[in-house]
Amino acid sequence: MSIEKVILEAKNIQSDRLKNINFTLHEGEIITLIGPSGAGKSSLLMLLNRLEDPNEGTIHYLGKDINEYPLEQLRKRIGMVFQSSSLFEGSVEDNLKFGPSLFDEWKPERGKELLEVVQLPKEYLDKNVEELSGGEQQRIAFARTLANKPEILLLDEVTSALDVKNVELIERFLKEIVPNQVKAMMMVTHDIEQAKRLGNRTFFMNNEEIVEQGRTSQVLEAPKTNTLQAFLKE
Ligand SMILES: Nc1ncnc2c1ncn2[C@@H]1O[C@H](COP(=O)(O)OP(=O)(O)OP(=O)(O)O)[C@@H](O)[C@H]1O
């Protein structure tokens, strides 16, 4: 798979919590975002589906300014999963069908397909989400976002509250869904090894800026700045 087509481009972004942000996201790639707490990683993700808006600069998605997309369309196409994505009360199926129902796109078979992607049995559709373990709930949160058929997936520390087994499982399906189900992914992680395992490219953020960006192996194995060298030794 060639990583060439630019699907998202951020230019000269300034916001209350970000400075001088410039990058492109290409079809087929996973960008991992690392950096100390408060560096601006979550703030950067939140700009991309307009949970926050910048004060200056532009973000283009498939060649069009993101402000030109109706908000619900943009958030359907650029989906997000958080560290502890809160499911709402009700069954697994209620949660999975919520997004697609807004667009009249829900079919019962879709629920089974989604559970297969996150490796849970189809009988789980009728379970109340409160009966699920933390790892299972996080897998349902993924499935709920995937139910909207997003083209880009934004992930914010999605495995940090999980045990090793659930982390492995989630990493496996993340690798499988790009590029077949999702065109590209940007993920914040505090786990450098995870950034290496999953990333094609990596951005290191510090003090509200992207300090280094490049191929994951290059950024993490041959850091250029003292700040990143020090961060990797922590
Ligand atoms: N809702 C908010 N209102 C005001 N300031 C905020 C808000 N959210 C974050 N900040 C501040 O903005 C800066 C960037 O935060 P952000 O959450 O983007 O960093 P981060 O790199 O994702 O950190 P972490 O790894 O701790 O999640 C921090 O100084 C933070 O305190």
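Values in this text are rule-based calculations from the coordinates and carry no lab data. Just so we're clear, the structure is a prediction, and the values are computed from it rather than from any experiment. Cβ: placed from backbone, ideal geometry, glycine included. Neighbour counts: every protein chain shown.
Rounded to whole Hz and in sequence order, give me ³J(HN,Hα) for region 60-71 from the Karplus expression 6.51 cos²θ - 1.76 cosθ + 1.60, θ = phi - 60°, writing x for Gly and Pro.
Those phi angles translate into 10, 10, 6, x, 10, 4, 4, 5, 7, 8, x, 3 Hz.
Mind jotting down the distance between the C-alpha centroids of region 20-75 and region 123-142, whole Å?
Taking the Cα centre of region 20-75 as reference, the centre of region 123-142 is 29 Å away.
Taking neighbour counts of Cβ atoms within 10 Å as a proxy for exposure, in what order, fewest first, do Leu48, Leu96 appear?
Leu48, Leu96
Mind telling me which of Arg201, Arg139, Arg172 comes out most flexible in a GNM of the chain, alpha-carbon contacts under 10 Å?
Arg172
Arranged by the count of other C-beta atoms within 10 angstrom, fewest first, what order do Lys97, Lys224 take?
Ranking Lys97, Lys224 by Cβ neighbours within 10 Å, fewest first, gives Lys224, Lys97.
Whose amide H sits under 5 Å from the amide H of Gln83, counting only residues 5 or more places off or on another chain, with H placed in the peptide plane?
Asp156
Chymotrypsin sites (Phe, Trp or Tyr not before Pro) within region 25-117: which are DSSP loop residues with at most 11 other Cβ atoms inside 10 Å?
Answer by residue number: Phe88.
Taking amide hydrogens as modeled 1.01 Å from N in the peptide plane, which residues meet the under 5 Å criterion relative to Val211, leaving out close sequence neighbours?
Under 5 Å from the amide H of Val211 lie the amide H atoms of Phe204, Met205, Asn206, each far enough along the sequence or on another chain.
If you plug each phi of region 158-163 into the Karplus form 6.51 cos²θ - 1.76 cosθ + 1.60 with θ = phi - 60°, what whole-Hz ³J(HN,Hα) values come out, in order, with x for Gly and Pro?
Running phi through 6.51 cos²θ - 1.76 cosθ + 1.60 with θ = phi - 60° gives 6, 10, 5, 9, 10, 7 Hz.
List the GluC sites (Glu not before Pro) within region 1-97 that DSSP assigns to loop and that have no more than 13 neighbouring Cβ atoms inside 10 Å.
Within region 1-97, the qualifying GluC sites (Glu not before Pro) (loop, at most 13 other Cβ atoms within 10 Å) are Glu4, Glu89.
What value, in deg cm²/dmol to 500, does the helix sum -39500 (n - 2.57) over DSSP H runs of n ≥ 4 give at 222 nm once divided by the residues of the chain?
Taken over the chain, the calculation gives -10500 deg cm²/dmol.
Under 10 Å from the Cβ of Gln83, count the other residues' Cβ atoms, weight Lys and Arg +1, Asp and Glu -1, and hand me the total.
-2
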